[in-house]
1. Normalising by the residue count of the chain, find the relative contact order in percent from Cα pairs under 8 Å and 6+ residues apart.
2. How high is the relative contact order of the range 53-172, given as a whole-number percent (alpha carbon pairs under 8 Å, six or more residues apart)?
3. By the scheme Lys and Arg +1, Asp and Glu -1, what is the net charge of all other residues having a beta-carbon under 12 Å from that of Gln122?
4. Where q = 0.12 Å⁻¹, what log10 of I(q)/I(0) comes from the Debye formula for the range 9-206, counting one point per Cα?
5. What number comes out for the charge environment of Asp144, summing +1 per Lys or Arg and -1 per Asp or Glu over other residues with Cβ under 14 Å away?
6. Cross-link candidates for Lys19: which lysines have Cα within less than 22 Å, leaving aside residues fewer than 8 places away along the same chain?
7. If I take R0 = 35 Å and measure r between the Cβ atoms of Cys120 and Thr51 in this structure, what FRET efficiency does the formula 1/(1 + (r/R0)^6) give, to the nearest 0.05?
8. What percent of all Cα-Cα pairs in the range 106-198 falls into each 10 Å bin, going from 0 up to the bin containing the maximum distance?
Amino acid sequence: MTRKLDNKRLVIATHNAGKLREISALLAPYGIECLSAGQLGLPEPEETGTTFVENALIKAHAAAKAAQLPALADDSGLSVTALGGKPGVYTADWAERQWFEGDPGRDWYMAMGKVEGLLCEQGPDVDRSCWFSCVLAIAWPEGDEAVYDGRVNGNFSWPPRGTMGFGYDPVFVPEGREVTFAQLDPEEKHRISHRADAFAKLVAEQFGG
Ligand SMILES: O=P(O)(O)OP(=O)(O)OP(=O)(O)OC[C@H]1O[C@@H](n2cnc3c(O)ncnc32)[C@H](O)[C@@H]1O
Ligand SMILES: [Mg+2]
């Protein structure tokens with residue numbers, strides 16, 4: 001049986017400020033004290049997995065072990081149908097390593113532009129459908145783990161629009177909408193996002209019934 005969060009303190013094992021903001025907001029109603037990996041000075045583990053699940057578990061176990069507290073990690077990314085699911089697990093890498101090896105800053109505009117460039121190579125009628133995936137993993141210092149996954153379908157849109165959210169939000173138009181994630185209020189993104197989808201499963205098992 002999956003272990004439940006019995007401790008009210010939870011390490012949020014991410015070094016991404018946008019994710020930390022969203023996860024803290026999603027957890028707010030559940031009386032959990034969130035401690036961030038940055039706040040605790042935890043190192044950023046190497047994401048050597050080839051799936052979202054593997055990477056989420058690597059990050060969660062590393063933080064749980066270092067902090068001796070349960071830890072929640074998020075591994076996520078954008079997959080584009082016409083690019084065979086790329087960048088997928090390597091979404092963050094496309095921004096940071098492709099052009100800025102050794103530079104702590106990430107240039108999301110360049111990364112989004114790379115996706116757009118590859119789509120344009122396939123002509124004006126290219127399929128622009130894509131999806132965001134999110135895997136949330138909880139790990140305990142004793143080695144127990146729990147995994148929840150989420151997804152939201154949409155279309156890759158160019159040029160980028162909007163200033164809210166983070167990462168690839170300015171180019172992602174969720175299915176059934178005209179605006180990008182970066183043009184939606186955070187509450188609205190939380191109703192439909194891949195992270196919210198995974199989070200609903202986490203809440204049902206961890207805090208439900
Ligand atoms: O590993 P941590 O420290 O959590 O932070 P990260 O930014 O490296 O995160 P990932 O390894 O999971 O990479 C996922 C990338 O996918 C993108 N991404 C994930 N969720 C997103 C969202 O809700 N909106 C926009 N972009 C998102 C964003 O660019 C992330 O950097
Ligand atoms: Mg990462």
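Just so you know, all these numbers are worked out from the coordinates, no wet-lab data involved. Just so it is clear, the structure is predicted and the values come from calculations on it, not from any experiment. Quick reminder, even Gly has a Cβ in these numbers, built from the backbone with ideal geometry, and neighbours come from all protein chains shown.
1. Numbers: 386 pairs, mean separation 40.1, N = 209.
Relative contact order here is 19 percent.
2. Values: 198 pairs, mean separation 35.8, N = 120.
Answer for the range 53-172 is 30 percent.
3. Working: positive: Arg128; negative: Glu116, Glu121, Asp125, Asp127.
The answer is -3.
4. -0.58
5. Working: positive: Arg3, Lys4, Lys65; negative: Asp6, Glu142, Glu145, Glu205.
Combined, the nearby Lys, Arg, Asp and Glu give -1.
6. Within the straight-line limit of under 22 Å, Lys19 reaches these lysines: Lys8, Lys59, Lys65, Lys86, Lys189, Lys201.
7. Values: r = 29 Å, r/R0 = 0.82.
According to the calculation, E is roughly 0.75.
8. For the range 106-198, the pair-distance distribution reads 16, 42, 28, 12, 3, 0.
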